[in-house]
Amino acid sequence: MKFLLILSCIITFNSLAFSQPYELLTNVSHRKTISLNGEWRIIIDPYENGYYDYRYKPRGDGYFQNKKPKDKSDLVEYDFDKSETLEVPGDWNTQKDKLFFYEGTIWYEKSFNYVKKNNKRIFLYFGAVNYSAIVYLNGIKLGEHIGGFTPFDFEVTNIIKSGKNFIVVKADNKRLREGVPTLNTDWWNYGGLTRGVFLIAEPKTFIQDYFIQLKKGSTDEINGWIKLNGNNKKQRLTLQIPDAGVVKEFYSNNSGIAKLNFNAKLKLWSPKNPYLYQVKIICETDTIEDNIGFRSIETKGNKILLNGKPIFLRGISIHEEAPFRSGRAYSKEDAVTLLTWAKQLGCNYVRLAHYPHNEFMVREADKLGLMVWSEIPVYWTIQWNNKGTLANAENQLTEMITRDKNRASIIIWSMANETPRSNERNAFLESLIDKAKNLDPTRLITAATELDQQGKTMIIDDSLSNYLDVIGVNEYLGWYAAKPVDVPKFKWISKFNKPVIISELGAGALYSYHGDKDTRWTEEYQANVYKNQIKMLKKISFLSGMSPWILMDFRSPRRPLPYIQDFWNRKGLISNRGEKKEAFYVLQNFYNKLQSK
Ligand code: GCU
């Protein structure tokens, strides 16, 4: 009895003390890190036996203890050391055939040796775990995280030891009605530790986060803040932008926050000239560097202005599907491959759908000069009245903006995709929009809204657009509706004097399947849809951009058609093996003409 009492105290203390993920560290690639990537031991646990006892109550002796039999008669019914492995980062579905359709819990374990230094604080950082994660270090619960596409971290300074340590993660990709996304998506539910895992060592007081961007509507006034984390909050800080001749001093306040506001003569970031400045922040106890571009983005009537000039967004939508090998993309190479294809297409903009992609994508977009639409997975029919669902969406939004707010490439935050009209939906999304504007007053806000159709007239009148800076609409004329030949006859009306982006349009085709242009799934059919779409789009006066669906074929559980789809959405302009379809060249030709204007 006494033992159970002590045990329950320990469990309560642990869950209370570390229940919330720690404040997010940003710009991890410029911090002192130790990679925990590579092979991790796993236990596949569809019944969550490692977490719940036979009464379905959380157990004290779960797999997180990574227990070993004390002696030959001791009973321990799992053993990570003898268990199979998975690579991290990486989804589990494409690493083992038996896990291709698997949705549930998999326990990950990683043992590592560490040399502790007393003057350092240590954080454990995850790039992303799909969908929920419960994290333990040396058997102690650090906390939980929900949301499969944003980073989180925990401070482990007082738990990590010199010598042998072990991390255990309960990852679970079960789809939930109250989830974000919810039960139904048109992408594969890749599970696991899908992005990198790192230990980060920091001084006692360190530079945790900063926001250094141009003030809304300005091309020479930098506005922002720097946040210190630690006891030594009040410090003198120096911000250096050597190539712009900037050396500025600031002082942080009792909360460790230093406000920034100053003028500077800057080379502005743009697709034609994606100039990134080396930026250095120095305080008395820490230094950090980053590469940051400066550009202004705003709207005027139905125009989008980049650096004060109207710009048309020549885009393409992209899923975080790995080129050539399939599975969740995660590497710099994946990002460079996908974004280089977008550049070859003639793009100056990409829509990263329908969730925040890995940080390599946005940092490579910074370098390649591709403007970015970044989105949280509020997709289709979310539980609008569920407070937990809203809090979850707000948390994912916060983590997305926190991680990427210094990326010049990101011009638009998207709150949602194809959500059904209702007052509850509007209220839910209005909260997200307020939060986004609060976290980042510099960027544009959008969503892929609902369309009305009367005969051959498409009407943009979703009331959600009253709260948006830019209106996104998805339309599949020539594929889900209307014959390709009729597409150019469609007229468009917008009830708003705001920029409109056709955030999706397209058609499916199996690479190398050829036939006449009326035969579905042939490259000729897809190309014909694009030709007719382009004729229609040219006539829309208030159109400010487009991101056809989609750059590359991607896996989807909603696409079983044998010999054509085989669980691939085939609307890519490029096959998953990197083969360009005829429609790729139709769109490339259009974009090249637009550029030469
Ligand atoms: C929708 C949706 C996409 C989906 C696409 C399709 O509009 O936003 O996620 O993949 O259409 O049907 O291919």
Check your understanding: Taking only pairs six or more apart or across chains, which ones have beta-carbon atoms under 6 Å, a first residue in the stretch 90-115 that is more than 22 Å from residue 334 (Cβ to Cβ) and part of a strand (DSSP E or B), and a second residue that is open to solvent by 10 Å² or more (accessible area, probe 1.4 Å) and of a type in the set (Ser, Thr, Tyr)?
Key -> 107/63
Check your understanding: Mind checking which residues of the stretch 75-91 are farther than 11 Å from residue 106 by Cβ and either out of contact with any Asp or Glu (no Cβ under 7 Å at 6 or more places or on another chain) or not β-branched (Val, Ile, Thr) (or both)?
Key -> 75, 76, 77, 78, 79, 80, 81, 82, 87, 88, 89, 90
Check your understanding: Mind checking whether some residue in the stretch 533-545 is aromatic (Phe, Trp, Tyr), more than 15 Å from the ligand (Cβ to nearest atom) and open to solvent by less than 50 Å² (accessible area, probe 1.4 Å)?
Key -> yes
Study note, to complete from the structure: Of (1) in contact (Cβ under 8 Å) with a residue 24 or more places away in the chain; (2) within 22 Å of residue 474 (Cα to Cα), residue 576 satisfies every one except (2)
Exercise for review: Might you check whether a residue that is hydroxyl-bearing (Ser, Thr, Tyr), open to solvent by 10 Å² or more (accessible area, probe 1.4 Å) and either touching a residue at least 60 places away in the same chain (Cβ under 8 Å) or out of contact with any strand residue (DSSP E or B) (no Cβ under 6 Å at 6 or more places or on another chain) (or both) occurs anywhere in the stretch 158-176?
Suggested key: yes
Revision key, fill the gap. Within the stretch 322-336, residues in contact (Cβ under 8 Å) with a residue 40 or more places away in the chain, out of contact with any strand residue (DSSP E or B) (no Cβ under 8 Å at 6 or more places or on another chain) and surrounded by 17 or more Cβ atoms within 10 Å (Cβ to Cβ) come out as 330
Practice item. Kindly state which strands (runs of 3 or more DSSP E) lie completely within the stretch 246-337 and contain at least 3 residues that are at pLDDT 95 or above and under 25 Å from residue 233 (Cα atoms). Key: 246-251, 257-263, 277-282, 287-292
Study note, to complete from the structure: The residue that is farthest from the ligand (Cβ to nearest atom), considering only those in the stretch 497-517 that are open to solvent by less than 10 Å² (accessible area, probe 1.4 Å) and without any contact (Cβ under 8 Å) to a residue 60 or more places away in the chain, is 502
Practice item. Taking the options 489, 495, 531, name whichever one is in contact with a Ser or Thr (Cβ under 9 Å, 6 or more places away or on another chain) and at pLDDT 95 or above. Key: 495
Point to revise | All positions within the stretch 381-391 that are open to solvent by 10 Å² or more (accessible area, probe 1.4 Å) and within 16 Å of the ligand (Cβ to nearest atom) | key: 381
Revision key, fill the gap. Across the stretch 454-481, the tally of residues that are under 28 Å from residue 569 (Cβ atoms), more than 15 Å from the ligand (Cβ to nearest atom) and open to solvent by 30 Å² or more (accessible area, probe 1.4 Å) stands at 1
Review point. Surrounded by fewer than 24 Cβ atoms within 10 Å (Cβ to Cβ), of a type in the set (A, V, I, L, M) and more than 16 Å from the ligand (Cβ to nearest atom), is that true of residue 444?
Key: yes
**Study point:** Candidate set: the stretch 546-567, residues that are aromatic (Phe, Trp, Tyr) and under 17 Å from residue 354 (Cβ atoms); chosen: the one farthest from the ligand (Cβ to nearest atom)
**Key:** 554
Review point. What residue, of 430, 394, is open to solvent by 20 Å² or more (accessible area, probe 1.4 Å), more than 28 Å from residue 220 (Cβ to Cβ) and touching a Phe, Trp or Tyr at 6+ places or on another chain (Cβ under 7 Å)?
Key: 430
Study note, to complete from the structure: Considering residues that are of a type outside the set (A, V, I, L, M, F, W, C) and within 16 Å of the ligand (Cβ to nearest atom), the number found within the stretch 335-361 is 5
Review point. If you scan the stretch 118-177, which residues turn out to be touching a helix residue (DSSP H, G or I) at 6+ places or on another chain (Cβ under 7 Å), farther than 22 Å from residue 330 by Cβ and part of a loop (DSSP other than H, G, I, E, B)?
Key: 139
Check your understanding: Could you say whether any residue in the stretch 196-211 is open to solvent by 10 Å² or more (accessible area, probe 1.4 Å), closer than 19 Å to residue 91 by Cα and in a loop (DSSP other than H, G, I, E, B)?
Key -> yes
Practice item. Name the single residue, out of those in the stretch 362-380 being within 11 Å of the chain's Cα centre (by Cα) and within 15 Å of the ligand (Cβ to nearest atom), that is surrounded by the fewest Cβ atoms within 10 Å (Cβ to Cβ). Key: 377
Point to revise | Criterion: more than 24 Å from the chain's Cα centre (by Cα) and of a type in the set (A, V, I, L, M) - qualifying residue of 551, 561 | key: 561
Review point. Is it the case that the stretch 138-149 has a residue that's of a type in the set (A, V, I, L, M), buried (at least 20 other Cβ atoms within 10 Å of the Cβ) and either away from the ligand (no atom under 16 Å from the Cβ) or more than 16 Å from the chain's Cα centre (by Cα) (or both)?
Key: yes
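The values are calculated or read from the model by the stated rules, or taken from the named source; none is laboratory data. All figures in this text were calculated on a predicted structure; none of them were measured in a lab. When we count neighbours, we look across all protein chains shown, and the Cβ atoms used for this are built from the backbone with ideal geometry, even at glycine. Accessible surface areas use protein heavy atoms only, side chains included; no ligands, DNA or RNA. Shrake-Rupley method; radii C 1.70, N 1.55, O 1.52, S 1.80 Å.
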